[in-house]
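This is the structure I want to talk about, given as structure tokens.
The values are calculated or read from the model by the stated rules, or taken from the named source; none is laboratory data. Everything numeric in this text was worked out from a predicted model, so none of it was measured. Cβ coordinates were reconstructed from backbone atoms using ideal geometry, including for glycine residues, and neighbour counts include every protein chain displayed.
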Amino acid sequence: MTHTKAAIIAAEALVRDGIRSMLSVDHTVNVVGESANFADIPQLQRRTDPDLFIIDASGPPAGGEVHARRIRSLVDLADRPLVLLTDDGAQGNLELIRLGACVLKRSRMSSADLVSSVRLLATGYLPVERRLAQQFAHRALEERADEAAHMRLLTPREREVFRLLARGMSNTEIAASLTLANSTVKTHVQGILKRLGLTSRLEVVMLAHRPVRRPVPSGNVRFSALSRTRGRR
């Protein structure tokens with residue numbers, strides 16, 4: 001029987017105790033070390049050689065980009081698969097998935113969720129909540145437009161506006177989403193139409209949803225969508 005060695009990083013002792021208790025229902029998962037400080041990750045890694053880290057990444061609200069940078073540093077520091085426990089309101093979860101982290105919401109997480117995630121991660125899968133998996137797929141469809149030749153004609157900001165135009169959003173909605181003035185959005189829209197040789201917003205939508213031939217990924221990352229099965233037999 002294969003055993004998985006896990007190390008826990010959480011600032012609060014109560015959280016560390018809770019994680020350890022949740023993992024205790026599965027005798028194939030062994031907690032080999034724990035710490036309250038992220039800075040102890042390298043030392044913990046050398047001393048215990050865990051297969052993965054379980055890290056409580058919840059805390060004071062921060063922008064998605066700030067949060068992602070923080071987690072990126074943890075990914076580099078740990079050099080191991082990560083299970084990240086986040087707040088319900090945490091932003092940047094899709095970016096965390098791109099970094100190869102398994103993201104679980106603390107308030108909705110059960111022992112079964114945590115144990116199944118650890119098992120999958122240890123065998124080479126990246127567990128992803130179904131809701132996040134759907135968002136990830138939707139984002140990937142949006143970003144495929146960036147691979148098209150015409151998108152290289154646009155500035156980064158124009159690409160953001162282009163994607164929102166493709167959703168059928170109005171200038172006011174785009175302005176609110178990107179925190180821009182309506183006049184600035186109007187200027188970007190006019191610039192997009194001119195650069196791409198289009199005459200209307202409808203043509204932008206049609207262009208954005210034009211089929212794009214994409215190569216089949218060659219990586220070995222495997223995704224597994226987590227679904228809740230409590231109450232089923």
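All but one of (1) part of a loop (DSSP other than H, G, I, E, B); (2) surrounded by fewer than 14 Cβ atoms within 10 Å (Cβ to Cβ) hold for residue 169; state the number of the condition that does not hold.
Against the list (1) part of a loop (DSSP other than H, G, I, E, B); (2) surrounded by fewer than 14 Cβ atoms within 10 Å (Cβ to Cβ), residue 169 comes up short only on (2).
When you scan region 21-54, how many residues do you find that are of a type in the set (Val, Ile, Thr) and over 26 Å from the mean Cα position of the chain (by Cα)?
4
Only one of (1) at pLDDT below 85; (2) within 22 Å of the chain's Cα centre (by Cα); (3) surrounded by 18 or more Cβ atoms within 10 Å (Cβ to Cβ) fails for residue 208. Which number is that?
Result: residue 208 fails condition (2) only.
Moving on to the next point. Taking only region 98-157 into account, find how many residues are within 20 Å of residue 25 (Cα to Cα) and modelled with pLDDT under 75.
Final tally of qualifying residues: 0.
List, please: which pairs have Cβ atoms under 7 Å, are six or more places apart or on different chains, and start with a residue in region 17-29 that is in contact (Cβ under 8 Å) with a residue 40 or more places away in the chain and end with one that is among the polar types (S, T, N, Q)?
Every condition considered, the pairs that remain are 22/111; 25/111; 28/2; 28/4; 29/4.
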